[in-house]
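K.L.:
So that we are looking at the same thing, I have put the structure below in structure tokens.
The values are calculated or read from the model by the stated rules, or taken from the named source; none is laboratory data. Since we're looking at a predicted model, the values are computed, not measured. Quick reminder, even Gly has a Cβ in these numbers, built from the backbone with ideal geometry, and neighbours come from all protein chains shown.
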Amino acid sequence: MLIPEYLPLLQRYLKQLELAANLGPVLDLACGSGRGGLRLIANKLPVIFADISAAALLQVELSLAQELYSKNASLATLWPVDLEQPGVSPLDGRMFGAIVAYHYLYRPLLTSIKQAVYPGGMVIYETFTVDQPQYGRPKNPDFLLRHGELHDYFCDWIILHSFEGVVKKSCGEGSKAIAQLVAKKPSSPIR
């Protein structure tokens, strides 16, 4: 099954995600409408859809009833969760084969993301950089990565892909400034 172009990293790293899913489910972090996780469900991977929005999780649930996803819907778990609880990480004590995050940044959660992936698992992360305000929203620096920040944060992992720059939006109208990272957690500490 082909994954739409708007999530090219999922298509490019699907085989690695399949291996990671053997370790544990894939977490679609702050999933919104669940585009990423739904594509993984369509490819028979177990996915936990996590979001604070009941409306977003309802949209995922409705999508799971569609023919494309319904035969694999049992692989989906909906997790209503506030990922931004001060002083608390809802990821603590949980483990995943992979974590996928698109257009979401909450810096206090980054350490927990790294800890919540099994050794040999992976992270696929894409979000906006500090250059984004010249192209549109978001504009709040709390939600924008500094140059090199994502790569630096995962520098002790095996970096499979790292990109930072301006790309055309998937709908073809305008551009966006993003950072992308695909990283595999080492099975043993890197020396």
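Residue by residue, here is whether (1) among the hydroxyl-bearing types (Ser, Thr, Tyr); (2) farther than 22 Å from Met122 by Cβ holds:
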{"site": "Pro8", "(1), (2)": "no, no"}
{"site": "Cys31", "(1), (2)": "no, no"}
{"site": "Ile48", "(1), (2)": "no, no"}
{"site": "Gln59", "(1), (2)": "no, yes"}
{"site": "Ser63", "(1), (2)": "yes, yes"}
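Let's see how each residue does on (1) without any contact (Cβ under 8 Å) to a residue 40 or more places away in the chain; (2) among the β-branched types (Val, Ile, Thr):
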site	(1), (2)
Gly97	no, no
Leu105	no, no
Ile113	no, yes
Ala116	no, no
Gly121	no, no
Thr129	no, yes
Leu150	yes, no
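K.L.:
How about segment 71-114: which of its residues are modelled with pLDDT of 95 or more, within 30 Å of Val130 (Cβ to Cβ) and touching a Lys or Arg at 6+ places or on another chain (Cβ under 8 Å)?
P.N.:
Within segment 71-114, just Lys114 meets the criteria.
K.L.:
If you don't mind, another one. Restricting to segment 118-142, name every residue that is surrounded by 14 or more Cβ atoms within 10 Å (Cβ to Cβ) and closer than 19 Å to Arg35 by Cβ.
P.N.:
Met122, Val123, Ile124, Tyr125, Glu126, Thr127, Phe128, Pro138
K.L.:
When the residues of segment 118-159 are filtered to those that are small (Gly, Ala, Ser) and not in a loop (DSSP other than H, G, I, E, B), which remaining residue is nearest to the chain's Cα centre (by Cα)?
P.N.:
This residue is Gly121.
K.L.:
Need pairs with beta-carbon distance below 6 Å; first residue under 14 Å from Leu160 (Cα atoms) and free of Cβ contacts under 8 Å to residues at least 40 places away in the same chain and within segment 9-20, second part of a helix (DSSP H, G or I) and of a type outside the set (D, E, K, R); sequence gap 6+ or separate chains.
P.N.:
Hits for this filter: zero, empty list.
K.L.:
Separate question: Kindly indicate whether any position in segment 163-171 is under 14 Å from the mean Cα position of the chain (by Cα), at pLDDT 85 or above, part of a strand (DSSP E or B) and buried (at least 17 other Cβ atoms within 10 Å of the Cβ).
P.N.:
no
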